[in-house]
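The values are calculated or read from the model by the stated rules, or taken from the named source; none is laboratory data. Note that the coordinates shown come from a computational prediction; the quantities given were computed from them, not determined experimentally. Note: ideal-geometry Cβ built from the backbone for every residue, glycine included; neighbour counts use all protein chains shown. What goes into the accessible areas is simple: the full protein's heavy atoms, side chains included, and nothing from ligands, DNA or RNA. Shrake-Rupley method; radii C 1.70, N 1.55, O 1.52, S 1.80 Å.
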Amino acid sequence: MSVTRWLKRLLLACIALLLLYQFWLFGWVLWWNWFNPDSTRFMSLRLAELQLKDPQAQLKKQWVGYDRISANLKRAIIAAEDAKFVDHEGFDWEGIQHAIEKNQRKGRIVAGGSTISQQLAKNLFLTPAKTTWRKAEEAIVTLMLETIWSKQRIFEVYLNVIEWGNGVFGAEAAARHYYGVTAAQLTPEQAARLAGMVPSPRFYDRNRNAPGLARKTTIILARMRSADLP
């Protein structure tokens with residue numbers, strides 16, 4: 001058999017595997033529209049890291065329904081992470097453009113422009129690696145989520161699975177870890193502070209009095225009243 005034919009077969013096999021992988025992702029997105037995810041790719045990665053140091057380590061996480069999460073935290077997260085969440089279809093093109101311009105001015109990556117839907121896609125299935133392949137997969141999964149799930153379902157899952165500290169995942173675990181209260185009991189100030197931690201949760205878990213976090217909390221508090229909830 002010629003080399004050209006072998007290359008064609010190899011290419012077809014790669015395409016078939018890629019399509020199978022997309023169907024596998026799509027199946028999980030369908031399933032999680034009705035059933036809550038017990039774990040995510042990010043959770044698995046963090047747990048493996050923790051267990052390298054302590055084989056008995058476990059994650060702190062507890063699922064709570066959308067209605068059992070304080071509206072203060074919902075408004076704070078939208079104000080901090082994705083002000084246009086209820087209006088866009090998964091991508092904030094204006095935000096992405098602003099992030100690109102900011103990164104160009106700084107000469108390094110300081111802003112991402114990712115929406116809540118994109119962040120959830122990454123957390124559910126992908127890794128922190130900033131590669132072209134991962135960004136492409138993130139976009140595909142984001143489209144799946146926005147097509148199949150309601151905005152409220154996207155936000156509910158997001159609030160329950162995002163990382164909020166060293167081994168801390170979800171709003172309920174974060175509220176208990178930092179303030180000793182439930183997610184339903186968070187005050188506006190507590191919620192704004194938790195929202196400010198989202199981009200660097202493990203750093204802020206170790207540095208809870210970081211000056212930058214205090215500044216971010218003040219800004220988020222001022223924006224919360226204008227945040228639209230799904």
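The range 1-56 and the range 136-211 have their alpha-carbon centroids 24 Å apart.
Which residues does a label at SER200 reach in the range 118-143, if reach means a backbone N under 19 Å from a point 7 Å past the Cα toward the Cβ? Counting backbone N atoms under 19 Å from the label point, the list is 128-130. With a Förster radius of 30 Å applied to the beta-carbon distance between TRP34 and LYS60, the computed FRET efficiency rounds to 0.75. Taking ARG193, ARG153, ARG215 in turn, the Gaussian network model of the chain (Cα-Cα springs below 10 Å) assigns the largest fluctuation to ARG215. Estimated from the Cβ-Cβ distance and a Förster radius of 25 angstrom, the FRET efficiency linking SER226 and ARG68 is about 0.55.
The residues packed around ARG134, meaning those with a beta-carbon under 13 Å from its beta-carbon, carry a net charge of +2 if Lys and Arg are +1 and Asp and Glu are -1. Of the cross-linked pairs LYS61/LYS135; LYS53/LYS74; LYS8/LYS122; LYS84/LYS130, those separated by over 29 Å at the C-alpha level are LYS53/LYS74; LYS8/LYS122.
Were the residues from VAL181 through ALA136 laid out at 0.36 nm apart, the gain over their Cα-Cα distance would be 12.4 nm.
For the pair VAL86 and ILE219, label points projected 7 Å from Cα toward Cβ lie 2.3 nm apart.
Taken about its Cα centre, the range 131-230 carries a charge dipole of roughly 380 debye when the Cβ of each Lys and Arg holds +1 and the Cβ of each Asp and Glu holds -1. A simple count of charges around ALA227, restricted to other residues whose Cβ falls under 9 Å of its Cβ and scoring Lys, Arg +1 and Asp, Glu -1, yields +3.
Along the axis of the charge dipole computed for the chain (Cβ charges of +1 for Lys and Arg, -1 for Asp and Glu, origin at the Cα centre), the listed residues THR131, VAL198, PHE85 are led at the positive end by THR131. When the chain is treated as a GNM with alpha-carbon contacts under 10 Å, the residue of LEU11, LEU30, LEU159 showing the greatest mean-square fluctuation is LEU11. Looking at the chain, the accessible area is 56 square angstrom per residue; that uses a 1.4 Å probe and ignores ligands, DNA and RNA. Computed over the range 116-156, relative contact order equals 51 percent, with contacts defined as Cα pairs under 8 Å that lie 6+ residues apart.
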